[in-house]
Amino acid sequence: MAKPSDTLKQDELLRCSLRLLEDLTAAPGHRMTLDEAGAALGINPRQVSYVVDCVGSLSNLSTGTRSGVYIEHGDIVLVGDASLLAPRRLDLNESLALACVLDSLSVPEDVRARVQAALGPVDEIALDASPFAESGEHGDFLLPITEAIGYGIRCRISYRSQDDPVAVPRTVDPIRIERAGQHAYLIAWDIDKDGVRRYRLDRIAEVIHTDDSVERHAEEGLAVAESIRAHGSIATVRAQSAAELLLPGWAGLFDLHEVEGAVEASLSFTSDRWLFDQLLAASPRIELVGPSETKRAFAAYARDLLIP
């Protein structure tokens, strides 16, 4: 129980919580020391810890998304995008690339202006957006996952991949959290498969901290695309333009090249069902070229969806 001098009134707690999230959003690496936070908020270390506990317990009631804020070795750390007080912005080079893609797709001018205004670099970013994620992209276990990453704890997770009817237990050494397309992923070393794997956060059904610490592995620095390529299969896809192939945001896409007036690319994937669902959801102008057995499986998959 905190001493009376260490308690914060409700309006003070709200002010400190918002200011802490604002400072963490702007801080390098979204990290600051307890002393820095105390000086910025004008409160003592015990009160700072109380504010961090309160912010870390916040969640979206409809999705279960939690604020990834915790204390690690005397630093306050914000992990993931759920509690950022400002929208993500593209840098100048990324903004130019976006303009080229919008140009090639003949996006209407009003839509183009809204997209560029929302994502393009600005001098000052308005803070009128909701500070918490409105979707369940981070699942229900962001806090224990970020704790495991921060403290180097081996975990047992239950995970349902796209091909699994139910969640399957996995033992993993968590490495980091990454975003790819519309989803967030835990990048981890799978102990049983002896390799780097990625797990979509909203498909993790349980996280249990073990008594073991993580081990360092030679492949831990492997990028998502390289990991998929190393452990998955490869399909060939074709479209009329590179922009059409890049639009879905597939992490495993590589080796884009022109072929007979079209553009082909290789696409790494670890699940047939994932590949088929992605192709069905993408533009009808994207064609699966090969391999032959994958095309036959895709045709059968599509037929089963149409014929009960």
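Each reported figure results from applying straightforward, stated rules to the coordinates on display, with no laboratory input. The structure presented is a predicted model; accordingly, all values stated were derived computationally and were not measured. No Cβ is skipped: glycine too gets one built from the backbone with ideal geometry, and neighbour counts run over all protein chains shown.
Per-structure values
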quantity	calculated
19 Å reach of a label modelled at A299, 7 Å along Cα-to-Cβ, counting backbone N of segment 256-272	272
Cut-off under 5 Å, modelled amide H: who pairs with A205 long-range	S158, Y159, R160
